[in-house]
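Presented below is the structure to which this report refers.
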Amino acid sequence: QVQLQESGPGLVKPSQTLSLTCTVSGGSISSDTYYWNWIRQPAGKGLEWVGLFETSGTTNYNPSLKSRVTISIDTSKNQLSLKLSSVTAADTAVYYCAREFALWGQGTLVTVSS
Amino acid sequence: QTVVTQEPSLTVSPGGTVTLTCASSTGAVTSGYYPNWFQQKPGQAPRALIYSTSKKHSWTPARFSGSLLGGYAALTLSGVQPEDEADYYCLLYYGGAWVFGGGTKLTVL
């Protein structure tokens with residue numbers, strides 16, 4: 001049974017880069033033709049799609065975040081990663097990874113504050 | 001900027017039927033937008049219910065159904081249960097990018 005687990009610093013300073021990983025267990029991140037997503041949700045607000053990585057190597061990003069986002073996979077560690085640069089308080093949110101949109105991790109809270 | 005619109009809130013009685021809708025600022029929603037629907041309860045991650053307009057996941061209760069209705073994507077709950085009280089989000093595909101709706105808070109009362 002495939003499971004996803006997000007991890008990373010819970011606190012990031014403004015202007016720095018937010019870095020998160022999503023560890024995939026129970027299956028290989030690259031063995032099938034899936035796409036892997038990052039989604040975020042500020043407290044008390046709705047969901048926002050951040051971007052995706054296809055196992056073919058293709059990436060797609062939310063146009064509003066595109067200049068600051070990089071999503072990649074590390075097949076040796078079976079991990080999906082998210083890097084978001086030049087963060088501000090508006091990037092404070094729970095960040096979820098998801099295989100396509102069917103299977104989700106439990107999410108990790110990232111707070112941007114000095 | 002593309003906007004996906006849902007009813008902010010709806011109320012339904014237990015055992016009743018309710019339809020949630022999902023509209024696109026670009027025009028009528030079609031199957032090419034691959035509508036997805038999610039349920040989220042407080043403190044939990046979203047749970048996928050419907051994909052590609054009307055397809056159910058193996059865990060989706062039979063009382064949930066997806067469709068296209070008059071230019072909208074729709075999620076219908078038939079025989080609503082108290083545990084269906086939650087936030088519901090739709091998701092639409094725009095040629096490489098995905099956009100979530102703002103969510104509908106469903107109250108079962």
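The table below gives the values:
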| quantity | calculated |
| --- | --- |
| Candidate set: segment A:56-103, residues that are among the acidic types (Asp, Glu) and within 23 Å of B:LEU91 (Cβ to Cβ); chosen: the one surrounded by the most Cβ atoms within 10 Å (Cβ to Cβ) | A:ASP91 |
| Residue list for segment A:104-114, filter: of a type in the set (A, V, I, L, M) and surrounded by fewer than 22 Cβ atoms within 10 Å (Cβ to Cβ) | A:LEU109, A:VAL112 |
| Breaking point among (1) within 12 Å of chain B (Cβ to nearest Cβ); (2) hydrophobic (A, V, I, L, M, F, W, C); (3) farther than 19 Å from A:LEU109 by Cβ, for A:CYS97 | (3) |
| Those strands (runs of 3 or more DSSP E) lying entirely in chain B with at least 3 residues buried (at least 19 other Cβ atoms within 10 Å of the Cβ) and not β-branched (Val, Ile, Thr) | B:17-24, B:36-40, B:47-51, B:72-78, B:86-94 |
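Throughout, read-outs are computed from the coordinates displayed, never taken from laboratory work. The structure displayed is predicted, hence computed values, not measured ones. A quick note on method: Cβ atoms are made from the backbone with ideal geometry, for glycine too, and the neighbour counts reach across all protein chains shown.
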